[in-house]
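J.: Quick one: this structure, given as structure tokens, is what I'll be asking you about.
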Amino acid sequence: MSTALILFAHGARDPAWREPIDALARRLHAALPQVDVVPAFLELMSPTLGDAVAAAVGKGATRIAVAPVFWAQGGHLKRDVPALLAEVCATHPGLRIDLWPVLGERDAVLDAIAADYRDLWAAGG
């Protein structure tokens, strides 16, 4: 079974905005070399979620996880993403797509950020 992890972010007009997303994709691919890790964007950047899913399916993916690289669940994740995923599922019937929780809902993420800020505070930074 081929798998893919799509890092789904908002997107921005400034091309440099995507650099942390691309860096995260590289780190995850290094940690999970058997998984195709790619970014996708809601707007203003490419690929779109639909394009990223189609590319993964084209490479043989039968299981895809979508990791929203968003801080919290706002309108995009409550309304737009379910609609996008419904379209993708209709286009690729039988494909397993898991939607992961947003970053701000993950205790491990909050703990890591709190530890980093604590260290910065201690360093006077």
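J.: For the chain, with a Gaussian network of springs between Cα atoms less than 10 Å apart, report the residue from V109, V38, V88 with the top mean-square fluctuation.
T.: V109
J.: Using a 1.4 angstrom probe, figure out how much accessible area region 1-90 has per residue, in square angstrom, rounded to the nearest whole.
T.: Computed with neighbouring chains in place, this is 53 Å² per residue.
J.: Quick one: Cα centre-to-centre distance for region 72-92 and region 17-51, in angstrom?
T.: Using only Cα atoms, the two centres lie 18 Å from each other.
J.: Ok, one more. Of the accessible area of region 10-125, with the probe set at 1.4 angstrom, what percent is carbon plus sulfur?
T.: With neighbouring chains kept in place, the figure for region 10-125 is 58 percent.
J.: With a ≥ b ≥ c the root eigenvalues of the C-alpha gyration tensor of region 9-107, is it rounded (a/c under 1.5), prolate (a/b larger than b/c) or oblate?
T.: Rounded, because the longest to shortest axis ratio a/c is under 1.5.
The values are calculated or read from the model by the stated rules, or taken from the named source; none is laboratory data. Note that this is a predicted model, so its numbers are computed, not measured. Heads up: the accessible areas ignore ligands, DNA and RNA and are worked out on the full protein's heavy atoms, side chains in. Shrake-Rupley method; radii C 1.70, N 1.55, O 1.52, S 1.80 Å.
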